[in-house]
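Student: Pasting a structure here, questions to come.
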Amino acid sequence: MADGVAHNARGNGWVGIVPVLFAAALFTYFVSLMPTIAGLEAIRFAAPWIPSLGIEFAFLVDGLSLTFALLISGIGTLVLLYSNTYLAGHPQYARFALFLTAFMVSMLGLVLADDLILLFVFWELTTFTSYMLIGFSHDSEKSRRNALQALFVTGAGGLAFLAGLIMLGAITGTSSISEILTMGEALKAHALYVPILILLLAGTFTKSAQVPFHFWLPNAMAAPTPVSAFLHSATMVKAGVYVMARMHPAMSGTDIWLWTLTIFGAVTAVFASFLSLRQTDLKQALAYTTLMALGTLTLFLGQESGYAMTAFAAFLIVHSLYKASLFLIVGCIDKSTGTRETDQLGGLARLMPVTTVAAALAAMSMAGFPPFLGFIGKELKYAGAIAVTSEPVLVAGAALLANSLMLAVAGVVAFRPFWRGTVPSTQSPKEAPWQMLAGPVILASLGALFGIYPDLLQTALIDPTVLSLTGQIEEAKELKLWAGVNIPLVLSIATFVLGLIIYAFHVQVRAVIERVFSALPNLDRGWDRFLDALKAFAKWQTNIVQNGRLSSYTYVTFLTIAAGIFLTFLYTGLPAITVDLSDVEWKHTSIALLIAAGALLTLFTNSRIAAIAALGVVGIGIALIFIVFSAPDVAITQLLVETLIVVLVAVVMLRLPLLPKMEFRLNHAVLSVAVGAAVSLILISVVSSPLDLRLTEYFEVTSWPEAYGRNIVNVILVDFRALDTFGEIAVVVIAALSAYALLRTTRKGDEK
Amino acid sequence: MNSVILRAGTSYLAGLLLVFSVYMMLRGHNEPGGGFIGGLTGATGFVLYAIGCSVGEARKALRVLPQTIAVWGLGIALAAGLFAAVFGDALFTGQWLFIGATEDDKGLPLSSVLVFDIGVYLVVFGSVLTLVFAMEEEI
């Protein structure tokens, strides 16, 4: 299943090249900022956006955001280069490149934003672009379903996240993130701290796929492999982790922060490691190891110690490097052999030497062998775990178990397919082109380079990131390959031994895991049942609410109006009714009688045309009232509208048969009387309070001198309130076009 | 509807109503009238014509699609509103030009407000006809 790609050597032309150059330019720009950030400074850029709400287009480059920005733009460049070959000649490549580039820009915006609202906008943009990319193969049912699942899960979390951000903005009185970070103490003491934390974590946990919201991430692997490498391992899923890291200085240090992050992170890490070993599909196995990494990063963010923070920064970089590289390698294997199943792969080392070397480098880093950066990351993990004051044994135990399983998975994914077994005779794999090898080779080599020369990272990225996380540079611990014989080293050796044992027996272990996990509830299937139930409920309530009978719609509408009015009266008390009929003249009475007669005739006739004409009488009676009270404009409009309605309705009604014999419908009669009474009561109460004439007077005075018009109604429409009028005519056009579209759709069915 | 009298009458009536509708729109700023009323009056003329002769005839007489007229109207109204920005005023502020103005006489007043009203006229005219024609054809 090579993502349904058409193998075509035509290439993608400039659509393929421009995004790569764009990403490379961004990467170069961020590299040029590195010396400033390494000097432990931060760069802030702000422009007003919605000044009345204090919302700014504010961006902040500090250690944390620069680390993320470099990973996003750097891996983005390589992934775009890779995709251009991977999806060469794909008919929708332009769309793909657009979404992927849009995602990259949104993700950069997310990590650089220094304003809560701006952060949220970019947050949702990444969710949206991720949806479009997972569902890129939109002719596949599975891909659409998985895309929608990811959208729903992360979108629901996004709503909670927005609520959390708004509350955060409300209690701190600013939407600037860097300002909020200085108010940590006040924030933690605030009564709303816990609700805010829960809402924010709901957002970050769904985005970063922590158990029990993890199920969408492995399904997101329906996306083309470069997307999985970029979004669903190296960047987007780390958005949640990023936000937790960003908020760390202000919100960490409480028991609820510590325990929530530690428990969710640890459970996710261990749970995902087991599930990862269970998979036989290379991509799925990698997807679960990504979950493990996200769990581990969350686990570290729960802590306060410098070791944990340094471990966070180091592991963040290590993971992005080796994981993106492994995903891209799986893409190469998939492309050249046509499968990703471990038991159908073997002996690739001889045929794909470059891929093999890259895979070996990345896997060694993932497994945590020296001298790779992964080893340093793992040492720091253990150091960080031991530094946990509350439960060092638990955290270190979780880390040990997860790391050993990672080592075994690294063996399954990147060692077995290349070195074990033989190439099945049905395949004739060959090396992928250089554009596809560049990414894995560069990323995997960086893992080795930084492992041998950790100083390269130390001052440039690790120290500034730890500064962002803790506010103190002294907290940054040194990255080194050989730290002497200490507990982390012992644990490392234990990891190797345990990991190799698991790898040696991974087939048996897999069977055990299979048995245990098949007994557990399957959240993915639960999701389907949940959606089915939701759809059934929607259908049920639609059948009730939208039964297709016009009379019941009207009934419900008027019932709501009457209920609304009477409930208001119940709350405020009935208005004092003072009816003064002394200035009623015969012309008023006769018009009222005319209207009443029209209404009664409409009710009791069984000829449709008579009913329409009688309804017209009611309308014309109302126009007469406007004339009597000297509002000619309104009267003319009323008259014209009334005429048109009679004509329109007559056109339709004339073709219909006579109305059936009227039977008396008590509920309709009661409702009519109730609505009539309610509206009359309102009118009486309005009239009995003195009318506020300020606006009328203002328009009377200013209409001629300022707007050069004597017809006040028209002057209000086209001048004083022209924007309102514009909105209204826009609605008129939209209504006409939609009605036209509706009429045409039903027509098509009959004729064609 | 097959009636010779109606057919003969409506073709003249439609023309008269159209002229009248333009008159109603133009006088609107000082006397009862305006774009909304004008648009409705003009549309009534064509609706009568469509009933008297046929929708096909009415469409032919109109030459352009009614929905196109409505959308153009919206565009014209928007342009009239945005025009104020050229002079640095808030959007939809009326801009006036008095041609041949003297001390006592304001001359011929031309304004963006009139353009806006023409837009309203076209929107109402086009939307009503879109609806009526579609409905008549549907039946």
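Student: Among the residues of the range A:561-600 satisfying the criterion of being charged (D, E, K, R) and free of Cβ contacts under 8 Å to residues at least 24 places away in the same chain, which is farthest from A:Ala623 (Cα to Cα)?
Tutor: Step by step, filter the range A:561-600, then rank; the result is A:Asp580.
Student: What's the number of the condition A:Ser607 fails, among (1) under 29 Å from B:Tyr49 (Cα atoms); (2) within 49 Å of the chain's Cα centre (by Cα)?
Tutor: A:Ser607 satisfies all of (1) under 29 Å from B:Tyr49 (Cα atoms); (2) within 49 Å of the chain's Cα centre (by Cα) except (2).
Student: Could you tell me which residue of the range B:84-121 is surrounded by the most Cβ atoms within 10 Å (Cβ to Cβ), considering only residues that are among the aromatic types (Phe, Trp, Tyr) and over 21 Å from B:Ile69 (Cβ atoms)?
Tutor: Taking the candidates together, the pick is B:Phe92.
Student: Of all the helices (runs of 4 or more DSSP H) wholly in the range A:626-727, which have at least 3 residues that are at the interface with chain B (Cβ under 10 Å from one of its Cβ atoms)?
Tutor: It comes to A:632-653, A:694-707, A:712-715.
Student: Do any helices (runs of 4 or more DSSP H) lying entirely in the range B:21-139 carry at least 2 residues that are over 12 Å from the mean Cα position of the chain (by Cα) and away from chain A (no Cβ under 11 Å), and which ones are they?
Tutor: In the range B:21-139, B:35-52, B:55-62, B:66-86 are the helices (runs of 4 or more DSSP H) which contain 2 or more residues that are over 12 Å from the mean Cα position of the chain (by Cα) and away from chain A (no Cβ under 11 Å).
Student: Determine, yes or no, whether A:Leu119 is buried (at least 20 other Cβ atoms within 10 Å of the Cβ), assigned to a helix (DSSP H, G or I) and out of contact with any helix residue (DSSP H, G or I) (no Cβ under 6 Å at 6 or more places or on another chain).
Tutor: yes
Student: Any chance you could count how many residues in the range A:502-540 are surrounded by 10 or more Cβ atoms within 10 Å (Cβ to Cβ), closer than 16 Å to A:Ala408 by Cα and free of Cβ contacts under 8 Å to residues at least 60 places away in the same chain?
Tutor: The number of residues fulfilling the criteria is 5.
Student: For the list (1) over 46 Å from the mean Cα position of the chain (by Cα); (2) facing chain B (nearest Cβ under 8 Å); (3) within 25 Å of A:Ser552 (Cβ to Cβ); (4) assigned to a helix (DSSP H, G or I), I need the number of the one condition that A:Leu743 fails.
Tutor: So A:Leu743 meets the others, but not (1).
Student: For the range A:423-453, what are the residues that are farther than 25 Å from A:Ala229 by Cβ and either modelled with pLDDT of 85 or more or touching a strand residue (DSSP E or B) at 6+ places or on another chain (Cβ under 7 Å) (or both)?
Tutor: A:Tyr453
Student: Can you name the condition, by its number, that A:Val617 falls short on among (1) surrounded by fewer than 14 Cβ atoms within 10 Å (Cβ to Cβ); (2) in contact (Cβ under 8 Å) with a residue 12 or more places away in the chain?
Tutor: Every condition holds for A:Val617 apart from (1).
Student: Out of the range A:10-65, which residues are under 27 Å from A:Phe99 (Cα atoms) and of a type in the set (Gly, Ala, Ser)?
Tutor: A:Gly11, A:Gly13, A:Gly16, A:Ala23, A:Ala24, A:Ala25, A:Ser32, A:Ala46, A:Ala47, A:Ala58, A:Ser65
Student: Taking helices (runs of 4 or more DSSP H) that fall entirely within the range A:468-547, which contain at least 1 residues that are within 30 Å of A:Met251 (Cβ to Cβ)?
Tutor: By residue number, A:487-504, A:523-545.
Student: Output yes when any residue across the range A:128-142 is in contact with a Phe, Trp or Tyr (Cβ under 8 Å, 6 or more places away or on another chain), among the aromatic types (Phe, Trp, Tyr) and assigned to a helix (DSSP H, G or I), and no when none is.
Tutor: Within the range A:128-142 (the criterion being in contact with a Phe, Trp or Tyr (Cβ under 8 Å, 6 or more places away or on another chain), among the aromatic types (Phe, Trp, Tyr) and assigned to a helix (DSSP H, G or I)), the answer is no, since none of the residues qualifies.
Student: How many of the residues in the range A:434-477 are without any contact (Cβ under 8 Å) to a residue 60 or more places away in the chain and among the acidic types (Asp, Glu)?
Tutor: Going through the range A:434-477 one residue at a time, the tally reaches 1.
The values are calculated or read from the model by the stated rules, or taken from the named source; none is laboratory data. Note that this is a predicted model, so its numbers are computed, not measured. When we count neighbours, we look across all protein chains shown, and the Cβ atoms used for this are built from the backbone with ideal geometry, even at glycine.
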